[in-house]
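The values are calculated or read from the model by the stated rules, or taken from the named source; none is laboratory data. This is a predicted model, so every value here is computed, not measured. Methodologically, a virtual Cβ is constructed for each residue, glycine included, from the backbone with ideal geometry; neighbour enumeration extends over all protein chains shown.
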Amino acid sequence: MKNQNKSFIWLIIFLVGFPQISETIYTPSLTFLSTAYGVSNHQIQKTLSIYFIGFAIGVLLWGILSDIIGRKSSMLTGIVLYIIGSYLCLQSPNFDALLLARFVQAIGAAAGSNVSQTILRDTFNNKERTAVFSTISAVLAFSPAIGPLLGSIVASIWDVYMVFVLLILLGTVALFWSSFGLRETLQQDKKLKLSFKQITKKIVNDKVFWIYGGLIGILNGIIFSYYGEAPFIFMEYFKFSMIQYGCLGCIVALASFFGAKYCKKMSIRKTNQQILFTGNLIFLLGIILYMISISFLLSYSTLVISFLLIAVFVIFFGLSCMLPVCLSNALINHTDHLGISGAILGLYYYSIVGIITFIMSYIDSSFLLYYPLFLMFWFIIIQLLFKLYYAKS
């Protein structure tokens, strides 16, 4: 692996995780925001769906711009827009205004995800990428522990609107750190070597792009549907306090960390196919544990919560085994135009995330069996995509 400046690597890790940690800071406040704006639980979850729609548009925008004006300029512009969107969230007088503000916020946040991953693909070669993405995934695994806990503490000590102040401060840190620490990785000879039409045509015919991109969308959709549903399951049904709910993020963090590390270890001696099938089987095991706990143990409150936490751990472990492989290989055939192809990839998979979270917003949180059935459906879809891809490989 190339010798990289450590502060630069940590900056990239921060920027890749910036959208996720900011969103996990926000989600514990969903139940309180639904009360504050006088809307139902299903309606408030649409602030997640609109976020991912904006995010999908944002990754396309910043991906194209990053191949034209450069990676650093695109990143800084996106962060500024994120700060503006967060301020608009803070000042939103009604629910419709909040939805619009979340849309603006998401477009800005998309720069953190898309441009950072493009910089990583600029910097590391094919052989290194799965290991690099696994390492980053392992570090970023702690964002589900930090985000919900931080958001819960801020909302509990002050009020739910202070969460948006925290997001503004987070964006400001990202802006200043990027201004001084980020370097340009776009090579001048790679600027727009192909037209957008040529790139799109190449992508349309690339099975690797569509299968891996679809898997990234489904896996992230499952992850963020949990963040949207978990506050209602644990805080409303099981009567967790906001701080107790925030501490649950540690379970997700540990699962994501060990799942990513396991993926990195397996990548040395196992094929991508073996890693993906193993990860999906672990995901299935977690779903089964979840279904058992709510089907047979609800009358034993301590026992059912213990089993649920184990199930959540296993589910996220399985998802984290699969995600680095998909992220590493989705653009393997498009290395000469990573900005634009990465933008199209982001538009594709974040559209899937938006659709999944939108579907999730209509699922009745009070009926606990709906959620594992929802997960089982996506397990089957993932398995079918594996069969479709590897049957013709």
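Within the range 260-276, how many residues turn out to be over 13 Å from Cys326 (Cβ atoms) and in a helix (DSSP H, G or I)?
In the first step, residues of the range 260-276 are kept if they are over 13 Å from Cys326 (Cβ atoms); the result is 261-262, 264-266, 268-271, 274.
Now restrict to residues that are in a helix (DSSP H, G or I): 261-262, 264-266, 268-269, 274.
Within the range 260-276, residues that are over 13 Å from Cys326 (Cβ atoms) and in a helix (DSSP H, G or I) number 8.
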Residue set Ile203, Ile168, Ile136, Ile199; condition under 30 Å from Leu254 (Cβ atoms), at pLDDT below 90 and β-branched (Val, Ile, Thr); output residue Ile136
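Which members of the range 195-207 meet the condition of being touching a residue at least 12 places away in the same chain (Cβ under 8 Å) and surrounded by fewer than 16 Cβ atoms within 10 Å (Cβ to Cβ)?
Phe196, Thr200, Lys207
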Within the range 66-92, the count of residues that are closer than 15 Å to Ser113 by Cα, among the aliphatic types (A, V, I, L, M) and either touching a residue at least 60 places away in the same chain (Cβ under 8 Å) or out of contact with any helix residue (DSSP H, G or I) (no Cβ under 6 Å at 6 or more places or on another chain) (or both) comes to 4
Restricted to the range 236-254 and to residues being of a type in the set (Ser, Thr, Tyr) and assigned to a helix (DSSP H, G or I), the residue surrounded by the fewest Cβ atoms within 10 Å (Cβ to Cβ) is Tyr237
Scanning the range 29-56 residue by residue, the ones that are touching a residue at least 12 places away in the same chain (Cβ under 8 Å), surrounded by 20 or more Cβ atoms within 10 Å (Cβ to Cβ) and small (Gly, Ala, Ser) total 4
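Going through Leu219, Leu285, Leu289 one at a time, which residue ends up being in contact with a helix residue (DSSP H, G or I) (Cβ under 7 Å, 6 or more places away or on another chain), touching a residue at least 24 places away in the same chain (Cβ under 8 Å) and under 28 Å from Tyr51 (Cα atoms)? Give the derivation first.
Working: Leu285 fails: under 28 Å from Tyr51 (Cα atoms); Leu289 fails: under 28 Å from Tyr51 (Cα atoms).
When all the criteria are applied, what remains is Leu219.
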When restricted to Ile157, Ile218, Ile233, Ile168, the only residue within 23 Å of Phe374 (Cβ to Cβ), surrounded by fewer than 21 Cβ atoms within 10 Å (Cβ to Cβ) and either out of contact with any Asp or Glu (no Cβ under 9 Å at 6 or more places or on another chain) or charged (D, E, K, R) (or both) is Ile233
All-but-one check, Ser341 against (1) small (Gly, Ala, Ser); (2) crowded, with 24+ Cβ neighbours inside 10 Å; (3) closer than 21 Å to Tyr226 by Cβ, failing number (3)
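Out of the helices (runs of 4 or more DSSP H) lying entirely within the range 1-97, which hold 1 or more residues that are of a type in the set (Phe, Trp, Tyr)?
Working: elements: 6-26, 30-36, 41-44, 46-66, 71-90.
Ranges flagged: 6-26, 30-36, 46-66, 71-90.
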The one condition Ile355 fails out of (1) over 25 Å from Leu254 (Cβ atoms); (2) touching a helix residue (DSSP H, G or I) at 6+ places or on another chain (Cβ under 6 Å); (3) among the aliphatic types (A, V, I, L, M) is (2)
